[in-house]
Each structure stands twice: as C-alpha cells, then as structure tokens.
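Report on the following structure.
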C-alpha cells in the first residue's frame, strides 16, 4: 500500500466552512480529490458514477489501471486508521458498482485498483492523504474476470 500526503501542494483556495451542508462539503472534497488526481496526470473518467443503489465517487485511469476512488472528507484529525474509514459494507457496494462499470465498458483492457482519498480540513486549509490499493477485491492479479 502506498501512502502519499500532500500539504497545500496544488491548492485552489481554502475549503469551504465546515458549517455548510454535508452534501456541499462532500462535493468540495470530491472536487479537491479530482484536482489531485488530475495533478498526478490521471484521466478522470467519471464522477459520482451510479449503478442501481451503488456509487463510486471517482473513476480514473492511471496508465493501464482503472482506479475506483472513494473520497472521504474529515473536518479534524483522523481518529481511526485509514483501513477503518471505509466499512466492509461500503467496500462491497463500491466493488459491486465497479463490476457494473466494467461490465458496461467491456472493451477495457486494464488492471483494477481501489483507492481511498482522504481530504482532511485543518487550520483553514486542507491536506490530502491518498492510499493506493486501500482495499483489495480479493484478486491477486488485480484483474477481474471479464476485464
């Protein structure tokens, strides 16, 4: 697992006040996460991609790898290990949405990875923590059947 912490590396202004509605704050966090991925040179393919009741915050291409990214915004220091930020149920829903996405895009020849991107609000600014391969779909090769 790779962990990258960035402090104000590619800032586009302070985060909106934590007192705004959760939905707005979450969208701002997703926007920061998307900017981060683009800064890394990744191609963002989808934002808030839905399949039935499941959703993936961001879907991006990192070279030949399709990355399904869960974005979490926190208004203070992280109180738990990053492994505990996404519940097992959330992982299952993200993986279900990923299967649907890959089935809808049959022509993709790619590896698959699941990342977690934390947007931490701190001292009027923000810090991003990007955990590549944050959770594993249980496949040693990184490829899912049919991809």
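The values are calculated or read from the model by the stated rules, or taken from the named source; none is laboratory data. Note that the coordinates shown come from a computational prediction; the quantities given were computed from them, not determined experimentally. All Cβ positions, glycine included, derive from the backbone under ideal geometry; neighbour counts span all protein chains shown.
What residue, of 32, 74, is at pLDDT below 85 and either farther than 14 Å from residue 114 by Cα or touching a helix residue (DSSP H, G or I) at 6+ places or on another chain (Cβ under 7 Å) (or both)?
Values: 32 fails: at pLDDT below 85.
Of 32, 74, the one residue that is at pLDDT below 85 and either farther than 14 Å from residue 114 by Cα or touching a helix residue (DSSP H, G or I) at 6+ places or on another chain (Cβ under 7 Å) (or both) is 74.
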Original post:
Here is a list of conditions, (1) surrounded by 13 or more Cβ atoms within 10 Å (Cβ to Cβ); (2) over 12 Å from the mean Cα position of the chain (by Cα), and residue 88 meets all of them except one; can you say which number that is?
Top reply: (1)
Original post:
Counting only residues that are surrounded by fewer than 15 Cβ atoms within 10 Å (Cβ to Cβ) and in a helix (DSSP H, G or I), how many does segment 36-69 have?
Top reply: 2
